[in-house]
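Bear in mind these aren't lab numbers, they're just calculated from the coordinates by the rules spelled out. On a predicted model such as this, the values are computed, not experimentally measured, just so you know. Don't worry about glycine lacking a Cβ; one is built from the backbone with ideal geometry, like all the others, and counts go over all protein chains shown.
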Amino acid sequence: MELNASSLPADLTALFQRVSRRYRGCGRFAYHYVALKLRRDPVHRAVLMLAAKEAFDDVLDIGCGAGRTTVGLHELGYTVVAGDIVETLIEQARTRFPQLDFRVMDARALNVETASFDAALFSYNGIDVLYPETSRLACLREIRRVLKPGGTFVFSSHNFCGAMFSGGFFYLRGYLNAGRFIAQQLTNRVAREWYMRYDDGGGTQYLFSAPPARTVRQLHDCGFDVIEVCGDKGERAPRRLLLRQHHVHFVARARA
């Protein structure tokens with residue numbers, strides 16, 4: 001599977017535009033947020049591109065928020081169950097898209113049947129919110145449980161090293177950003193557990209940010225075979241992923 005933005009088919013570009021237009025009534029910020037995610041976020045592109053190529057029937061959209069990927073999958077013709085732990089977001093999604101199946105759902109204890117999905121997506125690094133790491137592992141085991149043997153799981157995760165050096169090694173602002181990022185961790189009591197502090201427009205968050213190899217080991221331990229690890233533009237070289245990619249994207253299949 002190719003995650004490179006340059007390979008995005010014209011029909012999926014049109015799909016993203018249709019989905020974005022569905023959010024016009026939610027206000028300018030919500031509309032532009034959804035449009036940006038669909039256009040630039042490789043995880044959203046990846047699951048829709050994969051769905052367009054493979055014979056999926058049932059898809060689980062975990063951490064669906066207000067349904068931006070759910071709608072895209074539905075428009076591709078797939079049966080989608082979407083879940084998020086935030087009730088207000090599920091209420092918004094149900095109001096806007098009453099024909100779709102949205103559920104309040106904890107990713108660590110998915111209220112769906114065993115071996116009932118062909119594919120699962122955890123939207124936009126959402127798995128990194130789960131703390132401690134045992135909760136992340138519980139989530140991976142649950143996703144393995146609900147996938148059919150050979151089912152596909154697509155998600156992304158933060159990478160601490162890439163967060164510091166993603167701007168390159170000959171980029172002054174990159175060193176300043178790296179210095180600020182390290183300074184943020186000096187009072188971070190969970191940094192040793194690979195949960196890094198991020199301060200952005202959404203407030204302070206502590207997100208799992210281990211090197212990609214740790215996530216690969218987690219997937220193997222929880223019953224998956226990893227078939228793709230890459231960066232935003234399709235980078236696959238392990239050293240470049242480690243040192244230059246803030247967000248790393250994973251595709252795994254449930255082991256039979």
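Using only the Cα atoms of the stretch 71-131, build the gyration tensor, take square roots of its eigenvalues as a ≥ b ≥ c, and label the shape rounded, prolate or oblate: rounded if a/c is under 1.5, else prolate if a/b is larger than b/c, else oblate.
Oblate shape, in that a/c is at least 1.5 and b/c is the bigger or equal ratio.
Assigning unit charges at the beta carbon (Lys, Arg +1; Asp, Glu -1) and nothing else, what dipole magnitude in debye, to the nearest 20, does the stretch 99-234 show about its Cα centre?
380
Order of 227-239, 109-121, 56-68 by packing, highest average Cβ count within 10 Å first? Walk me through the intermediate numbers first.
On the way: 227-239: 15.5, 109-121: 17.8, 56-68: 23.8.
The peptides rank, most packed first, as 56-68, 109-121, 227-239.
To the nearest 0.05, how large is the calculated FRET efficiency for Q185 and R96 if R₀ is 45 Å and r is the Cβ-Cβ distance?
Taking R0 as 45 Å, the efficiency between Q185 and R96 is 0.70.
Nearest-5 percent of antiparallel DSSP beta bridges in the stretch 83-235?
Values: 7 of 14 bridges.
Percentage antiparallel, nearest 5: 50.
Efficiency by 1/(1 + (r/R0)^6): what FRET value for E113 and A138, r their Cβ-Cβ distance, R0 = 22 Å, to the nearest 0.05? Numbers along the way, then the final one.
Working: r = 18 Å, r/R0 = 0.81.
FRET efficiency, E113 to A138: 0.80.
If a paramagnetic tag sat 7 Å from the Cα of E193 along the Cα-Cβ line, which residues of the stretch 106-138 would have the backbone N under 11 Å from that point?
130-136
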